[in-house]
Amino acid sequence: MYLHDGNWQQIRAALQTVGAPTTATELGIPDQCIIDALVHASEIRPERYTILGAGLTGDATMKWRGL
């Protein structure tokens, strides 16, 4: 949504208005699970180029998450 200039803030606000979770923490997903998902995401369909490129390192992901 963000990369396609969609209004993700409006969607997040609507979800928050009805009390729906909008973050991994609110969904009860542990930080390590998010880190593992981001580190290994580029391996799922390696033939396709994504914004993750060749992937993220665990350190880069932890820095991004503020850990």
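The values are calculated or read from the model by the stated rules, or taken from the named source; none is laboratory data. All figures in this text were calculated on a predicted structure; none of them were measured in a lab. Here the Cβ is made from the backbone with ideal geometry for all residues, glycine too, and neighbour counts use every protein chain on show.
Some observations on this one:
- Within segment 13-52, restricting attention to residues that are of a type in the set (D, E, K, R) and more than 14 Å from the chain's Cα centre (by Cα), the residue that is nearest to residue 63 (Cα to Cα) is 43.
- For beta carbons closer than 9 Å, sequence separation of 6+ or different chains, a first residue in segment 1-12 that is under 17 Å from residue 51 (Cα atoms) and a second that is among the aromatic types (Phe, Trp, Tyr) and modelled with pLDDT of 75 or more, the qualifying pairs are 1/8; 2/8.
- Inside segment 48-66, residues that are surrounded by 10 or more Cβ atoms within 10 Å (Cβ to Cβ), β-branched (Val, Ile, Thr) and either modelled with pLDDT under 70 or assigned to a loop (DSSP other than H, G, I, E, B) (or both) make up a count of 2.
- Residues that are free of Cβ contacts under 8 Å to residues at least 12 places away in the same chain and in contact with a helix residue (DSSP H, G or I) (Cβ under 9 Å, 6 or more places away or on another chain), drawn from segment 26-36: 29, 30, 33, 36
- Single residue of segment 1-23 satisfying the filter (modelled with pLDDT under 90 and hydrophobic (A, V, I, L, M, F, W, C)) that is surrounded by the fewest Cβ atoms within 10 Å (Cβ to Cβ): 3
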